[in-house]
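Enquirer: Before I ask anything, here is the structure I am working with.
Just so you know, all these numbers are worked out from the coordinates, no wet-lab data involved. Treat the numbers as computed from the prediction; the structure is a model and nothing was measured. Using ideal geometry, Cβ is built from the backbone for each residue, glycine included, and neighbour counts are taken over all protein chains shown.
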Amino acid sequence: MMSRIKILSWLTVIFFCWTLLGCSDTIESVQAFNSESKSPIPRVENISEVAPPKLIQELNKNFSQTKPEVKILSPQIDEIVNSQDVSVSLQVKGLDIFKDEELGMGPHLHFFLDDKPYQAIYSAGEPIILEGLAPGTHTIRVFASRPWHESFKNPTAYAQTTFHVFTATEDNNPSQDEPLLTYSRPQGTYGAEPIMLDFYLTNAPLHVVAQENPADDIADWRIRVTINGESFLLDTWQPIYLTGFNKGQNWVKLEYIDENGNVIQNAFNSTVRAINYDPSLQDTLAKLVTDKISLDKVKAIALKDYQGLQEVKTQEKEEIIEEELSEEVEEVKEEKSDIVEEELTPEVIEEELVEDVTDIAEPSVNKSKPENMKVEQDKDILPQEIEPTADLTEEQNEQENISEELETKENKQEDVNDSDNQ
């Protein structure tokens, strides 16, 4: 019985240890590398890695087969430009770059001039004008980015050119043969954690090749990350999501180092940026990393001209309402037309009856005779020219009375004359 208890106890301990090992994240796993490194790395206390946000994982499915091709058409490599204002022309294939007007995000380009923070480019149709460049050598780096600023890491997604204003200098002139680190994120102001850390590597050898022969000249590499004084190492080229930033200002440093912890010398292989963390800022990125926006709505930043389900439903509802209104208007018009016809029909019948009565009342006239034609014309004219009034009738009556009185007097006078004659 005791032996069984001991066996179970050992199995429990083994299982617990295996569980702890399986739960280690990237930052904990790279700490093991720190103990072997000749360059001591401070212990990470505040910064922690977490899984990528769920919405970003879903949106990333839209780009699983996307392999952008980015080219710098001008200026050409080692071109001498005799002006401090330089026009840069870019070409993008295999990726629609755009910015959603409502959400303010979309696939774009990260455009770097020398060691400055990148500029987001949402259209390659117009040239980029760099004004007032200092005389000497300058380098442009550009690569394609997902809407949440994660770089595409296929080889054709990156382009680089070095040119010279008036003449060449040693500054901003990376070697084409050495590995090159391009710091990408974090940059700017953030409204929520986790915050993505991302970079682009050029000419970096595969770990398998670098570790195959320790005696060769191919040096293995790591990326040393330092955030607010806390450092850790990365040995994979992929973005990670971090928490533990201070409210307000923070600083982040990325270094491309060899297996001994030394920075591999090349322009831009050691870059530091200052960023801000303001939890009161609730922009689209903050809502995206905290799942405070619907997947249906946020798809508009990944798919050009995307119409969400809600938008489609609203549009369909508006069309249905419009059809119903049109039908109601037609019904009202038909009802009104029926009413008008009912109101007009008695009048038409009455007019027809009047016409019939008029036809019966009027005697037949032979219009071929001249006298009848004159009567017909007078008949047509009289109703228009003579319209008897009450005043005219009174005058006629007075004239008739005067005429009658005169006739009476004349008759009396005649009687008197007759009597005298007798």
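Enquirer: What ranking of E150, E178 emerges when the number of other C-beta atoms within 10 Å of each C-beta is taken as an exposure proxy, fewest first?
Expert: Sorted ascending by nearby Cβ count, the order is E178, E150.
Enquirer: Calculate the spin-label point distance for L325 paired with Q91, positioning each point 7 Å from the Cα along the beta-carbon direction, and give it in nanometres.
Expert: 5.0 nm
Enquirer: Here's a follow-up. Got a sec? How would V289, V88, V50 order by Cβ neighbour count within 10 Å, fewest to most?
Expert: V50, V88, V289
Enquirer: Please report the spacing between the Cα centers of region 274-304 and region 127-179 in Å, no decimals.
Expert: Value for the Cα centre distance between the two parts: 29 Å.
Enquirer: A follow-up question, please. A 24 angstrom limit on the alpha carbon distance is what I want to check against. Which of K67/K299; K253/K287; K99/K299; K61/K153 exceed it?
Expert: From the list (K67/K299; K253/K287; K99/K299; K61/K153), the Cα-Cα distance tops 24 Å for K253/K287.
Enquirer: Quick check on the exposure proxy: order K299, K67, K61 from fewest to most C-beta atoms within 10 angstrom.
Expert: Final ranking by Cβ density, sparse to dense: K61, K67, K299.
Enquirer: A further question follows. Rounded to the nearest 0.05, what FRET efficiency is calculated for A134 and V263 with R0 set to 30 Å and r the Cβ-Cβ distance?
Expert: E between A134 and V263, to the nearest 0.05, is 0.75.
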